4 protein chains.
Amino acid sequence: MEFGSDNTAGAHKAIVAALAEANDGRAESYGYDPWSKRAEEALGRVFGREVSAFLVLTGTAANALALSSIVPSYGAVVCHDEAHLHTDECGAPELFSGGAKLMPLSSVGGKISAALVAKTLDNLVRGEHESKPAAVSITQLSELGTAYSVAEIGALGSLCKARGLKLHMDGSRFANALAGTGCTAADMTWRAGVEVMSFGATKNGALALEAVIFFDQSLAEDFRYRRKQAGQLLSKSRYLGAQMLAYLENGLWLRNAEHSNAMARLLAGKLAEVKGLRLPLPTQGNQVFAIMPKRLHEAMLKGGAHYYAWPARGSSVEGIGEGECLTRFVASYQTTEEDVGALSHLARRLA
Amino acid sequence: MEFGSDNTAGAHKAIVAALAEANDGRAESYGYDPWSKRAEEALGRVFGREVSAFLVLTGTAANALALSSIVPSYGAVVCHDEAHLHTDECGAPELFSGGAKLMPLSSVGGKISAALVAKTLDNLVRGEHESKPAAVSITQLSELGTAYSVAEIGALGSLCKARGLKLHMDGSRFANALAGTGCTAADMTWRAGVEVMSFGATKNGALALEAVIFFDQSLAEDFRYRRKQAGQLLSKSRYLGAQMLAYLENGLWLRNAEHSNAMARLLAGKLAEVKGLRLPLPTQGNQVFAIMPKRLHEAMLKGGAHYYAWPARGSSVEGIGEGECLTRFVASYQTTEEDVGALSHLARRLA
Amino acid sequence: MEFGSDNTAGAHKAIVAALAEANDGRAESYGYDPWSKRAEEALGRVFGREVSAFLVLTGTAANALALSSIVPSYGAVVCHDEAHLHTDECGAPELFSGGAKLMPLSSVGGKISAALVAKTLDNLVRGEHESKPAAVSITQLSELGTAYSVAEIGALGSLCKARGLKLHMDGSRFANALAGTGCTAADMTWRAGVEVMSFGATKNGALALEAVIFFDQSLAEDFRYRRKQAGQLLSKSRYLGAQMLAYLENGLWLRNAEHSNAMARLLAGKLAEVKGLRLPLPTQGNQVFAIMPKRLHEAMLKGGAHYYAWPARGSSVEGIGEGECLTRFVASYQTTEEDVGALSHLARRLA
Amino acid sequence: MEFGSDNTAGAHKAIVAALAEANDGRAESYGYDPWSKRAEEALGRVFGREVSAFLVLTGTAANALALSSIVPSYGAVVCHDEAHLHTDECGAPELFSGGAKLMPLSSVGGKISAALVAKTLDNLVRGEHESKPAAVSITQLSELGTAYSVAEIGALGSLCKARGLKLHMDGSRFANALAGTGCTAADMTWRAGVEVMSFGATKNGALALEAVIFFDQSLAEDFRYRRKQAGQLLSKSRYLGAQMLAYLENGLWLRNAEHSNAMARLLAGKLAEVKGLRLPLPTQGNQVFAIMPKRLHEAMLKGGAHYYAWPARGSSVEGIGEGECLTRFVASYQTTEEDVGALSHLARRLA
């Protein structure tokens, strides 16, 4: 009954195998190995255009480095107040940018709209006394398990273009946002105005792998310097390239995401039927959020379920009553129907 | 009818004279001039104890450097969401600290309480995923014209001590908070637990002068390096020392503050009688905040009044209706009864 | 017999008077006062073209902020190994740029040549493993009292253009380099390829005043944010504008520099005749460097002369023998022929 | 004939196997997995005392983070002018420290002595105008293949203690420095005064693994925040712990190092006999440096040898003649006697 995170699962066996296979023989180091080059090309095929892609090791590094390449020290990044980069990265964007400020917006549902961003920008009228908005960052899949539609992203893209801001996407769960939508990766990103993204693989089956992908390749010109200075350039870089190739090969990444999404939908359906428990947000990826009595929550933890209460620090969910708490259940590519059955059975029994 | 800021007034003539007088002859440079040394001693007398005091040129530098000496790059500074260092310093604390994060709290009235800070700290349970709270910063006089009582500061000081945080005071209008209270500078600062403060003089009659004052002198050990690295060490440092000596001499600083406070109280009384206008906060220094119909506000500006609408970005004032706006009037040491009379007359006439 | 520094003199009385005069009445703050605007225009006239000029308070701030606007965190600044920004600014360029590296070159005489810079750049062949050269910074007048010729600057400008680097000039003693050459300020800067400079006034008669001047105005676009974030934006900014106007008015800045240069030449001539003392470098501004027996140096200090031994940390002067030391004598705009006479008399007497 | 780097070899099969094994099942993430905990304990046994050990992904990150925990933004790190952290890390120490300065010393042989450091410190007499020396960093094995003796390290440790500086060791090839000396890891580090070290594994058989080890555990208090903020905290942290356990188990790390050292000694012996080629430095680890005619160097590359010319940027090797170049040969744990034979045969044939 492990629903705590998609990080507690190991890596997919195909990816581990590819890594072991890449281990044989000697290879150029520091990003000049053939795997890394082919990984960049494979990502280009995924996105239907040439891209500049840089492999790094953690999502925090991917986000902070991507932002540092589009936001100066005196700049600001507009984001949701539950954005991972604001709440869970210990100031990494501030460090790598040399002092930029996050400008978190409050909004129900985990997403920010073009209208909200526009209104925020309109209120900044005092010039250099405030940090200068330089970028908007959205998380796709959002931290609250919701997905931006292509139209929503496009509206943000247009706004950014009009105002001279860059649009960044934190795609640590991009596969989950994309899987099963029928939409292409291109539509969901650069065609809608995204200029740079963090493309996650770790949560969806890799060992330790994220890519910073530049669709506006002019922004990528010096990124290899940033990656090196940040301590994210592996000497034996083949291990990153090999992971990415296996992750993308034959659509493994989307299959993994489809599976975890399906498990989340299954779980959402079952939880919705539990008495006293309600789902405040749609399940559009592999995360399910539920409001439940604290009493039930505690009983479930005691009963062997593993998942977390979600801190009430942001604005995404309203209407949590006294005696209630918000909880998050995350399905991974390894989650089984049995896991879902056991958890929902437990919830029904204890409710 | 100038009520826009206490920064639009020039410097007090006694301070200009002292500066001109200090200009004669040669003097040691880079902080080793006799004026700077005597200024530190004079500040010690003001605060009733030995202090380490460093003269700098702007309030932004004073705040950012003071905080950089107590907050690491991975640290967080708890403050009010209308704190000047959060809203008006273009990311200076983030720059000088190398990436620290501000943690702004919402609270009516411009002040944060020990209870609110404690609750905030209690909710941070996820270790290094969040920036580590390292300091609390309060503004005295607050940005909303309210003053912390000695007891309120003491409660924050005790909390900080218990939790291992440092307490910083942004005292850009410290004189206004102190004047007329009967309280000593010592009671309002180090005796209540403040370890480092930004002691402002510019708004209250100097040309360009702030002091970073360490009551916990062990924190000051390397501050001269920080001041130099930040470009705040004047070669002809005598001009800062001379300003400070004149500012403190014979209580000029407190007389100036008493005067501007008196003008603010006078104005508050008169504005309170204007129809359709109300004062949401007590006037405890030289700033008066008024809620008024936007129509009246615009008419007053047209009528020659100079002051500003206060942006509705923070949490300090509630209950501003549709068609209303929040406005701020600042009295300076140069404001006269005639200025107050003219402004209030205009308001009454247009209301 | 004060020859320690041009910082130990006070400010020119015309500048102090202008500051006092500007003090009357109210004025817009934070750089929007009329003095600052007129100062920018006056600087434009000095340089024979429109410029973007930002007034700041110290030379360290001017250099570090100018460089931060042209050098990224992963960048490098090529400079002389005795460059003030490398040896005397406590890491300010590194702080404001967020981690850039200085790349100091060794060269006799205090100046770097285009050939030396080219050779250095040619040796950097390992891509992102090294900081990326982004700018060249030269000091005019150099720290060793020598001046770059217009041709030398032009060669550096051409090299920078060809290699995609920016050319910065630290002009803390620019007036001394220019005075008496017959050359225009334009020839010595932007016409030779300088894109941004630190234009000093403090050492040559102001109280505390430097300007960051952009000839390539596109680089200046966001500089007001940098100035604010760095704590260099004065609220009562009129005092900077007023100083600059008085400094430039009727050529005061050049007259002051011509005077100090003349005093330095006079001193150089007299010192050259002292037995056992030799001048290793030409005197092209207001600084005289002399190699002398340590014994004589100590006797002169005891005899009442005030000046400093120059640390043997850089590459500018060779051939200092055992028992000898390098010394620096600086003439200021206040230095008199009597001062020179007294010093040289003392030297002759003790030699 | 691969002697280009110890980074071009893949990982040891035992380490890959351990990683694959650790992949099974679910595990706590973000450093709280059992492998990471056991790895810290295992490192404690290696060093004969309790240590605080943090696993990170690259040597650049290990060095820069270790230094950032002992050097403030206004601080300086004394190191050799060929130190990897100075020449090959693209400003990472400057970035993570928020602006600290490296203070590179020139010295033949790749090592700095306590006497040289002491003399350097003695020359810094101008207070805050220069960055404040806060740490000394030495590389063991040095970049030039030489090893510090325990006595040499002890002398630096004593000096640091006396002067209030911290002593850091960049141990990216620590195993090579230790193997075959009969000396203990404890003697070579904390007993000699090292307070924090970067303990490398990648070059000696791991995939991507370094540890920051604090012997002075009080310095480690907040390091987990630094690791997270820097993007070096793996979500699936088990992969780092598992690598380290396999690396240390049954002395694999020392066996690997002994092997590569033996291959380097064998190569050195054979190269010394090649006509026109000479070895300027002792071979005390797995690196051999040779001065040879450029003509021979180019012929060898054409002949299929893979290794690099060493840039003449530092002070380690003198006496390289016109027409000669310095070259580096690195043996890895995979190098065979056949590799050595083939290379030396080629050299003899072409000489």
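Remarks
- Subset of region D:107-138 [over 20 Å from D:L279 (Cα atoms), polar (S, T, N, Q) and in contact (Cβ under 8 Å) with a residue 60 or more places away in the chain]: D:S137
- Residue match in region A:108-128 (condition: of a type in the set (A, V, I, L, M) and in a strand (DSSP E or B)): no
- Criterion violated by D:A312 - all others in (1) within 14 Å of chain C (Cβ to nearest Cβ); (2) without any contact (Cβ under 8 Å) to a residue 40 or more places away in the chain; (3) surrounded by 15 or more Cβ atoms within 10 Å (Cβ to Cβ) satisfied: (3)
- Qualifying residue in region D:234-245 (condition: in contact with a Lys or Arg (Cβ under 8 Å, 6 or more places away or on another chain) and under 18 Å from D:Q140 (Cβ atoms)): no
- Single residue of region C:330-345 satisfying the filter (outside any loop (DSSP other than H, G, I, E, B) and touching a helix residue (DSSP H, G or I) at 6+ places or on another chain (Cβ under 6 Å)) that is nearest to C:I291 (Cα to Cα): C:S344
- Answer from C:F47, C:F3 - the residue that is among the aromatic types (F, W, Y) and in contact with a Leu (Cβ under 9 Å, 6 or more places away or on another chain): C:F3
- Reported count of residues in region C:1-12, each being surrounded by fewer than 22 Cβ atoms within 10 Å (Cβ to Cβ) and either of a type in the set (A, V, I, L, M) or closer than 13 Å to C:M244 by Cα (or both), is 1.
- On inspection, C:Y148 passes the criterion of being among the aromatic types (F, W, Y) and either surrounded by fewer than 22 Cβ atoms within 10 Å (Cβ to Cβ) or more than 14 Å from chain A (Cβ to nearest Cβ) (or both).
- Residue check, C:R49 surrounded by fewer than 24 Cβ atoms within 10 Å (Cβ to Cβ), away from every other protein chain (no Cβ under 13 Å) and outside any helix (DSSP H, G or I): yes
- So A:G99, is it surrounded by 24 or more Cβ atoms within 10 Å (Cβ to Cβ), away from chain C (no Cβ under 14 Å) and on the phi > 0 side of the Ramachandran plot: no
- Every listed requirement among (1) assigned to a strand (DSSP E or B); (2) out of contact with any strand residue (DSSP E or B) (no Cβ under 7 Å at 6 or more places or on another chain) is met by A:E143 save one, (1).
- Residues (out of contact with any helix residue (DSSP H, G or I) (no Cβ under 9 Å at 6 or more places or on another chain) and crowded, with 24+ Cβ neighbours inside 10 Å) located in region A:102-111: A:G110
- Listing of helices (runs of 4 or more DSSP H) fully contained in region C:180-261 that carry 3 or more residues being facing chain B (nearest Cβ under 9 Å), over 17 Å from C:D170 (Cα atoms) and modelled with pLDDT of 95 or more: C:223-229, C:238-248
- Among (1) in contact with a strand residue (DSSP E or B) (Cβ under 8 Å, 6 or more places away or on another chain); (2) under 27 Å from D:G157 (Cβ atoms) - the single one D:Y247 does not satisfy: (1)
- Of all the criteria given as (1) surrounded by fewer than 19 Cβ atoms within 10 Å (Cβ to Cβ); (2) free of Cβ contacts under 8 Å to residues at least 60 places away in the same chain; (3) out of contact with any Pro (no Cβ under 9 Å at 6 or more places or on another chain), the one not satisfied by D:G319 is (3).
- Residue check, B:S29 of a type in the set (S, T, N, Q) and within 8 Å of another protein chain (Cβ to nearest Cβ): yes
- The residues listed here are C:A64, C:A17, C:A9; of these, the one that is at the interface with another protein chain (Cβ under 9 Å from one of its Cβ atoms), closer than 25 Å to C:G251 by Cα and assigned to a helix (DSSP H, G or I) is C:A17.
- Residues being in contact with an Asp or Glu (Cβ under 6 Å, 6 or more places away or on another chain) and more than 22 Å from C:H84 (Cα to Cα) - total across region C:105-147: 2
- Filtered residues of region D:298-317 (kept if aromatic (F, W, Y) and in a loop (DSSP other than H, G, I, E, B)): D:Y307, D:W310
- Qualifying residue in region D:288-295 (condition: in contact with a Gly (Cβ under 6 Å, 6 or more places away or on another chain) and part of a loop (DSSP other than H, G, I, E, B)): no
- Output for region D:146-179, where each listed residue is part of a helix (DSSP H, G or I) and over 14 Å from D:K111 (Cα atoms): D:G157, D:S158, D:L159, D:C160, D:K161, D:A162, D:R163, D:F174, D:A175, D:N176, D:L178
- Count of region B:112-134 residues which are within 10 Å of chain D (Cβ to nearest Cβ) and of a type in the set (S, T, N, Q): 1
- Taken over region A:79-96, residues that are surrounded by fewer than 24 Cβ atoms within 10 Å (Cβ to Cβ), facing chain B (nearest Cβ under 8 Å) and not in a loop (DSSP other than H, G, I, E, B) amount to 1.
- Residue tally, condition touching a strand residue (DSSP E or B) at 6+ places or on another chain (Cβ under 6 Å) and of a type in the set (V, I, T), over region A:74-108: 2
The values are calculated or read from the model by the stated rules, or taken from the named source; none is laboratory data. Model, not experiment: these values are computed from the prediction. So basically every Cβ, Gly included, is an ideal-geometry build from the backbone, and we count neighbours across all protein chains shown.
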